[in-house]
Amino acid sequence: MTNILPFATHLNDVNGIIEGAPVLIQRTLRQMVGMYHDETATQQALQETDRLVYEVYASGLPEEDGHILYCTTIIHPGTVGDEYHMTKGHYHEKRNEGEVYVGLQGEGYLLLQTEQGAVSHVPMHKGTIAYVPPHWAHRTVNVGKTPFIFFAVWAGDAGHDYATIETQGFPVLVVERDGSPVLVDNPRWQASGS
Ligand code: PAN
Ligand code: ZN
């Protein structure tokens, strides 16, 4: 295991950035083509310009057993068609690794599913401590008008499996109806093996 000396970083509680965190991931709509259910709305939005959907400030710690990884995620407000801005979502490669999310700002939903077909969602706002149990895929969604920001902590060797979600999506979508978020069945979703 890589030897790391004790250190501290600082969370900027205005913008959610971890100052001194070396890793920044920025995901734009172009990098998420095919993940929003309304392909026409995705292509129309991209004809005008690409947009930043979310960014991650990560610890940069080694992805190894024994280390604990952490980051903040900032999902910018907006919709693609009627579907709220969201993360790609993933299973952990090591399915038996869970995670903790802490809401810092804004309004969000945490969507979860298992490979056995169970589905769940947890509304999140400042102060929410949400638990992602082992074996549950997880995606977060900004259902508000301001950035939705949360802090996450997980095991260093958990790994990320994006491919399963890219292929299958989630069984439910979070869409805007009369200005409020509602969950609807994902018409394109198929359980694995079906
Ligand atoms: C989070 C996520 C982060 C971005 O740190 O990685 O919110 O979402 P995607 O990884 O799905 O793009 C986490 O769950 N880590 O395990
Ligand atoms: Zn995770």
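So, Gln105, is that one under 15 Å from the mean Cα position of the chain (by Cα), more than 12 Å from ligand 2 (Cβ to nearest atom) and within 21 Å of Leu52 (Cβ to Cβ) or not? Judged against the criteria, Gln105 is a match. In the set Gly144, Gly89, Gly98, Gly156, only one residue is more than 14 Å from ligand 2 (Cβ to nearest atom) and either at negative phi or not acidic (Asp, Glu) (or both); that residue is Gly144. The set of residues from segment 14-32 being loosely packed, with under 12 Cβ neighbours inside 10 Å and under 16 Å from Leu104 (Cα atoms) comprises Val14, Glu19. Considering segment 177-194, the residues that are free of Cβ contacts under 8 Å to residues at least 60 places away in the same chain and touching a helix residue (DSSP H, G or I) at 6+ places or on another chain (Cβ under 9 Å) include one that is farthest from ligand 2 (Cβ to nearest atom), namely Gln190. For segment 119-150, the set of residues classified as within 14 Å of the chain's Cα centre (by Cα) and closer than 16 Å to Asp161 by Cα consists of Val132, Trp136, Ala137, His138, Arg139, Thr140, listed by residue number.
Sub-8 Å Cβ pairs linking a first residue in segment 157-176 that is farther than 16 Å from Met86 by Cα and among the hydrophobic types (A, V, I, L, M, F, W, C) to a second residue that is within 16 Å of ligand 2 (Cβ to nearest atom) and not in a loop (DSSP other than H, G, I, E, B), at least 6 apart or interchain, are Ala158/Leu69; Ala158/Glu99, ordered by first then second residue. Considering segment 105-194, there are no qualifying strands (runs of 3 or more DSSP E) wholly inside with 3 or more residues that are touching a Ser or Thr at 6+ places or on another chain (Cβ under 7 Å) and more than 13 Å from ligand 1 (Cβ to nearest atom).
Search segment 47-65 for residues being in a loop (DSSP other than H, G, I, E, B) and within 23 Å of Leu11 (Cα to Cα), and hand back the single one that is nearest to ligand 2 (Cβ to nearest atom). It comes out as Glu63. Pairs meeting the criteria (first residue in segment 74-99 and within 13 Å of ligand 1 (Cβ to nearest atom), second residue assigned to a loop (DSSP other than H, G, I, E, B) and hydrophobic (A, V, I, L, M, F, W, C), beta carbons under 7 Å, at least 6 apart or on different chains) are Lys88/Met35; Gly89/Phe170; His92/Ala158; Glu93/Ala158; Lys94/Ala158; Glu97/Ala158. Return a yes/no flag: does segment 82-101 have any residue that is assigned to a strand (DSSP E or B), surrounded by 15 or more Cβ atoms within 10 Å (Cβ to Cβ) and more than 13 Å from the chain's Cα centre (by Cα). For segment 82-101, residues assigned to a strand (DSSP E or B), surrounded by 15 or more Cβ atoms within 10 Å (Cβ to Cβ) and more than 13 Å from the chain's Cα centre (by Cα): present.
Every read-out reported here was derived from the displayed coordinates using simple, explicitly stated rules and does not represent laboratory data. This is a predicted model, so every value here is computed, not measured. FYI the Cβ positions are ideal-geometry reconstructions off the backbone, even for glycines, and counts take in every protein chain you see.
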